[in-house]
Amino acid sequence: MKFDKKVFLKDVENILRADFACDLATANKKELYNAVSKAVMQEAYPDWIAAKRQQKKRCGYFSAEFLMGRAIFNNLMNLGILDGVRDALASVGEDLGQFEEVEDAALGNGGLGRLAACYLESAASMGLPLDGYGIRYRYGLFRQVFADGYQKEEGDDWLKWGDPWSVRVERDAAIVHFSDMDILAVPYDMPIFGYHNTVVNTLRLWSSEPVTAFDFETFDTMKGENKAVENFNATKICDVLYPNDNTMVGKLLRLRQQYFMVSASLQDIVRKYKAAGGDFKALPEKFCFQLNDTHPVLAIPELLRILRKEGLSFEEAFLVAKRCFNFTNHTIMAEALEKWDALALSDLLPDVYEQIVACQERLELEGLDPNKFFIIRDGTVHMANLAIFVSSKVNGVAEIHTDILKRETFRHWYEQYPEKFVNITNGITPRRWLLLNNPKLAAIIDAKIGGAWHTDLKQLARLKPYIGEILPDFKRVKGENKEKLAAYIKAREGVEIPAGFIFDIQIKRLHEYKRQLLNAFSILHFYFEIKDGKMNDFPPTAFIFGAKAAPGYYMAKAVIKLINEIAKLVNGDPDVSRRMRVVFVQDYDVSYAEKLVCAADISEQISTAGMEASGTGNMKFMLNGTVTLGTMDGANVEICEEAGRENNYIFGATVEEVANVKRGYDPLAVINADPALKRVCDALVNGTFSDDRGMLVRLHASLISGHEPDRYLVAYDFADYIRVKKRLLYEFGTDEFYTKCLLNLCAAGKFSADRSVTDYANLIWHIN
Ligand code: 26Q
């Protein structure tokens, strides 16, 4: 984008006057933020409008989550005006950095939502016509605070800074019909700017409003009383993001949210297609839809419903839908696979349910074994099966994950329709996750190989011959990033972390399968060893955690309490705190991740093999030159393929081993056979920690008793984890070690979301 400082400041001043009745001298931070953002938006409108008018086939990325993070810096960078705006503001005595206080848009939980955000940015940067469709939650993912080491949740009022990067498009409002009420859906469009290429795609988020307040003509006096109730319910649909990650909650309000977003999106798309004179049978030539897990799968029966109302037969509608939809699976965890009660669904959405029944009948027509192939069975609707049956392509998100889908989770479907299944390994946008979050490292790379890697990440391989040369600069920058992070943690958490320590970081949602508990156990073990004087040469290390637990997930919350207790024990013990620090940062989010990822020495990716579909945090660390301490799970496998297993620190049972171990696994025997492990486990129940809620006792019990004791093999992998982690800590700091870091960076090319979206475009969407 062209940038003229004078024009820009004039625009800002005009907006300040019109919208806030103030000027540059008197504006507060919020007013300035809104005016600066709107001034940029205003300049970008022509390109945006041009993009909306294009006649090319487009893909809609349907997702219940878009974890966008902070927009302003990313947008300025992609438009090529980051320095220009910074200088312009500086010339009037304002610091662009002040906008670091602006709230993240946290309209997502974790990996799946952040992936959607990375894909939108990458598609725009690659010039691919991809638009996001989702929900404009009034409150995003809860804000986390610790009280006495226990997690507490607070509402995330992300709009308190305003929303200058969205425009409300009332003319595109649609009515979504439920059996008990009609709801108005109003879209808010957010521009998605490609990196230095004038492309502008759209993220359209729907907000629910009462129909009556919008249009009094449709007000039916006969139903006046009911309308009052509807008005109350209407806004509720988009009130809040469900805070679950990798667990399904069967709440009717969640089902309403899902239908609300897909119905509004499809009605809008079909209406415009029709207005442009489109023939419905040719819809797949202009549109396709990527279903981000099962959350938007009601789009399938909804499109069928709409097409049938437009006069297509079921078979015609079915063939159109099949060519339009594709489905991504993000998890094999049984508790995350969406199932809905058929009665509840048919009560709420009778016309939609009718189409699901028709799909089931269509499936039966194929004459397959009904025990293997079903959409509705025993009064339950299986959303993944519906998605697979009606989609053209089904994809997993890393090679090992897609293999497990084919071999186990969806085995029958794969055997019946092998051509449907493809792998698209996840990726991350290198703009936000290197250029923006680690500008000093980016500059080192630019100086050696130029900037082509910004949009062609495989170019990083060309850095390999220079590793020796850039080693000192790399170390210096890593050190500076660690200083900065330490200061930030000191300010936010009140915990002192010497920047000279090794920074060992585990950041991701809290889940038993991700095994933060295993990490905690290793720390406790090192603590005891140091206390006993058995590890007087322990390399000083800071163990840093960031994670939110779903509010109703008891064991996850117990792990948070445990780690906070360990932190208290370790940091408060002068014998040990010279060699170790532990901190669990509060309210971990995208912006915190940006600061942590560039300052890490160790990336903890230690899920039980077979459980983490892909992981994307692992890629972010790798791209910032960090070695992985991990299991052979998810994309870790491909990280090792690309960067060399010898340049990372791999431990633990493999997928095959996990399956074997689980037959007749006796964790108590494993614990009793290993005194180090026994001591750590005992600490949960012998008064080492204070816990008036008894959470740690129950955590301990989950390892040794119940239906499936130690389901995630913490005890089984403990010894190998300790062995490899020790080796890593003692190898740290040598030139060989930093060479490993840089070899990982050089090999990160595959994990660009630019590659991922290009694969989707070529193999699935056919929009290239
Ligand atoms: C479902 C029904 C009702 C309420 C909530 C949910 C729900 C919400 C979020 C179920 C699952 C999720 C999130 C899943 C997720 O984030 N999966 C992660 O996806 C990443 C991107 O592909 C992978 O890298 C991770 O491995 C995977 O865990």
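The values are calculated or read from the model by the stated rules, or taken from the named source; none is laboratory data. In this text, all values refer to a predicted model and were calculated from it rather than measured experimentally. FYI the Cβ positions are ideal-geometry reconstructions off the backbone, even for glycines, and counts take in every protein chain you see. Side chains are part of the model used for accessible areas, which takes the heavy atoms of the whole protein and leaves out ligands, DNA and RNA. Shrake-Rupley method; radii C 1.70, N 1.55, O 1.52, S 1.80 Å.
Restricting to region 648-660, name every residue that is open to solvent by less than 20 Å² (accessible area, probe 1.4 Å) and either assigned to a helix (DSSP H, G or I) or of a type in the set (Ser, Thr, Tyr) (or both).
The answer is Tyr649, Val658.
Kindly check whether there is at least one residue in region 293-302 that is at pLDDT 95 or above, touching a Ser or Thr at 6+ places or on another chain (Cβ under 6 Å) and away from the ligand (no atom under 11 Å from the Cβ).
Yes, the conditions are met somewhere in region 293-302.
Just wondering, is there one or more residues in region 529-540 that are within 16 Å of Tyr730 (Cα to Cα), open to solvent by 40 Å² or more (accessible area, probe 1.4 Å) and among the acidic types (Asp, Glu)?
Scanning region 529-540 turns up at least one residue that is within 16 Å of Tyr730 (Cα to Cα), open to solvent by 40 Å² or more (accessible area, probe 1.4 Å) and among the acidic types (Asp, Glu).
Is one or more of the residues making up region 487-510 surrounded by 17 or more Cβ atoms within 10 Å (Cβ to Cβ), basic (Lys, Arg) and farther than 27 Å from Leu684 by Cα?
No, region 487-510 has no match at all.
So which of Asp172, Asp131, Asp163 is buried (at least 16 other Cβ atoms within 10 Å of the Cβ), among the acidic types (Asp, Glu) and under 18 Å from the mean Cα position of the chain (by Cα)? Don't jump to the end; show me each part of the working.
Details: Asp172 fails: under 18 Å from the mean Cα position of the chain (by Cα); Asp163 fails: under 18 Å from the mean Cα position of the chain (by Cα).
Asp131 is the lone residue from the list that is buried (at least 16 other Cβ atoms within 10 Å of the Cβ), among the acidic types (Asp, Glu) and under 18 Å from the mean Cα position of the chain (by Cα).
Residues Val685, Val697: which one is β-branched (Val, Ile, Thr) and assigned to a helix (DSSP H, G or I)?
Numbers: Val685 fails: assigned to a helix (DSSP H, G or I).
Unique residue meeting the criteria: Val697.
I need the full set of residues from region 134-155 which are open to solvent by 30 Å² or more (accessible area, probe 1.4 Å) and either small (Gly, Ala, Ser) or within 12 Å of the ligand (Cβ to nearest atom) (or both), in order please.
Result: Ala147, Gly155.
Would you be able to say whether some residue in region 396-407 is in the same structural domain as Ser265 (by TED's automatic domain parsing), in contact with a strand residue (DSSP E or B) (Cβ under 7 Å, 6 or more places away or on another chain) and more than 29 Å from Ala609 (Cα to Cα)?
Scanning region 396-407 turns up no residue that is in the same structural domain as Ser265 (by TED's automatic domain parsing), in contact with a strand residue (DSSP E or B) (Cβ under 7 Å, 6 or more places away or on another chain) and more than 29 Å from Ala609 (Cα to Cα).
Take Arg679 and decide whether it is in contact (Cβ under 8 Å) with a residue 60 or more places away in the chain, open to solvent by 50 Å² or more (accessible area, probe 1.4 Å) and outside the structural domain of Leu623 (by TED's automatic domain parsing). Working first, answer last.
On the way: in contact (Cβ under 8 Å) with a residue 60 or more places away in the chain: yes; open to solvent by 50 Å² or more (accessible area, probe 1.4 Å): yes; outside the structural domain of Leu623 (by TED's automatic domain parsing): yes.
Yes.
Please determine whether any residue of region 55-65 is among the hydrophobic types (A, V, I, L, M, F, W, C), more than 16 Å from the ligand (Cβ to nearest atom) and outside the structural domain of Met1 (by TED's automatic domain parsing).
Scanning region 55-65, I find at least one residue that is among the hydrophobic types (A, V, I, L, M, F, W, C), more than 16 Å from the ligand (Cβ to nearest atom) and outside the structural domain of Met1 (by TED's automatic domain parsing), so the answer is yes.
Being more than 23 Å from Glu731 (Cα to Cα) and modelled with pLDDT of 95 or more narrows it down to one residue among Ala600, Ala635, Ala643; which is it?
Exactly one residue qualifies, and that residue is Ala635.
When region 106-120 is examined, which residues are found to be open to solvent by 10 Å² or more (accessible area, probe 1.4 Å) and more than 8 Å from the ligand (Cβ to nearest atom)?
Scanning region 106-120 gives a single hit, Ala106.
Any residue in region 709-730 that is more than 28 Å from Val627 (Cα to Cα), open to solvent by 60 Å² or more (accessible area, probe 1.4 Å) and not in a helix (DSSP H, G or I)?
Taking every residue of region 709-730 in turn, none turns out to be more than 28 Å from Val627 (Cα to Cα), open to solvent by 60 Å² or more (accessible area, probe 1.4 Å) and not in a helix (DSSP H, G or I).
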